[in-house]
1. Would you list E195, E207, E310 from the most to the least accessible area, probe 1.4 Å?
2. Between E387 and D123, what is the label-point separation in nm under the 7 Å Cα-to-beta-carbon projection?
3. Which whole-angstrom value gives the distance between the alpha carbon centres of the stretch 263-336 and the stretch 194-208?
4. Quick one: dipole size for the stretch 191-266, taken about the Cα centre, charges +1 on Lys/Arg Cβ and -1 on Asp/Glu Cβ, in debye to the nearest 20.
5. Suppose R0 equals 41 Å. What FRET efficiency, 1/(1 + (r/R0)^6) with r the Cβ-Cβ distance, do R71 and T379 give to the nearest 0.05?
6. Using the Cα centre of the chain as the reference point, and only Cβ charges (+1 on K/R, -1 on D/E), how large is the resulting charge dipole? Debye, rounded to the nearest 20.
7. Taking 30 Å as R0, compute the FRET efficiency from the Cβ-Cβ separation of E351 and D11 and round it to 0.05.
8. Could you pull out every residue, at least 5 positions away or on a different chain, whose amide H is within less than 5 Å of the one on G65? Hs are placed 1.01 Å off N in the peptide plane, and Pro or chain starts have none.
Amino acid sequence: DLFFIDWPLLDRHRDGIGERLDCWIDLQDSSAPSILDGGVLRATLAKLSSGPFRTRPTFNTGVWGGHWGQRFLGHRKDAQNTAIGYELIAQEAGVLIGKDGGGRVEVPFQLAVSLRPRAILGDRVYGLFGTSFPVRFDYLDTIEGGNLSLHCHPQPDYMRDVFGWPYTQHESYYVMVSSPGRQVFLGLRADVDLEAFHRQAHEAENEVRPLDVARHIQTFPATPHQLFLIPSGTPHCSGGGNVVLEISATPYLYSLRFYDWLRRMSTGAPRPVHVEHAFRNLNVNRSGDAIGRELVQRPRSLRRRTGWREELLGKLPEMFFEVRRIVLEPGAVSEDSSHDGFHVLNVVDGEGVLLESAAGRTHSLVYAETMVVPAATGTYTLRPLGEGPVRVVKALVSGEP
């Protein structure tokens, strides 16, 4: 209930009084609270919203989790695993603000969006989504871990009527790390027997009987740098041994599980599944050869200049965001603009890039880091760091929810 009722209500209350806060108190370390004057807070967030910035990443454990976040990024080395890496999720993300004299205060990213929505989102996106930041980036780490649950996400009407969100949880998987033989489960097989699938999913839940997932769901090689589009209602999961960058719509708590490989929670109880919810939202038309053709798209060139190019990796009419990739050779300088709406960037290959805005603000972004480029940034350039080529994924809002 805290996730679905208390937390959203408190967020709305906080955003509603943001313009008249006298001070912001960070009590994450209750023995040493950090305090920021309300006027300074608003002035700082106004400056922040005019140029590129990062939010603080966090990694959580999970029953299927892997160890890439620990071993390659240095996160939570003493934890059981690093299953889910929250790079940019509006409800979870915070911005660290340094203070004169040392110390820092963490402020919710969503508070910055609610106070400066047009600067961060842009007029067009603000007109579609209000103060809701509609895109998220997170990691699903199953290196030396297990398959994710087989699940789908709510159809738009179901998401609105049952869960209260005005837009639904469209997703995509960008494979960052994998190895031969690893796979992604996506879409129904052409010869699927829906009645058998439904019955066997219930048998797995009620009788602890394994479900032959590949009998009902297609599998695809988890080829590094391939993007898989996952519109709502599409059954899917990443297999073990992958690192997937999820580039998705902001809702992230509505995974309707068909099957969870008979896993149990730490208490010993079976991990919950939601078979009837899942089948009510299953898009039976996401099946057969159309999956490979429509949801596993090939890169299409959008722009090409000396030393760099921009590609469209994935776009569907029903998904309001699209995913692109910028490929830069050493010494190249790419040009871009966020005037029409914010961009979110992530370095998926290579050492990193240096971003410079037209206003002269610079920010380095290295491998596996995510950056928000607010609409107010406007024109900006990217230069590769190091001596090798760099690939940067970019997400933006191109349609309506």
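1. E195, E207, E310
2. So the two model labels end up 4.8 nm from each other.
3. Rounded to whole Å, the Cα centres lie 28 Å apart.
4. The calculated dipole for the stretch 191-266 is roughly 240 debye.
5. Once rounded, the FRET efficiency stands at 0.60.
6. Dipole size: approximately 720 debye.
7. 0.25
8. Correct list: G146.
The values are calculated or read from the model by the stated rules, or taken from the named source; none is laboratory data. Everything numeric in this text was worked out from a predicted model, so none of it was measured. Virtual Cβ from ideal backbone geometry, glycine too; neighbours counted across all protein chains shown. In case anyone asks, the SASA skips ligands and DNA or RNA and just uses the protein heavy atoms, side chains included. Shrake-Rupley method; radii C 1.70, N 1.55, O 1.52, S 1.80 Å.
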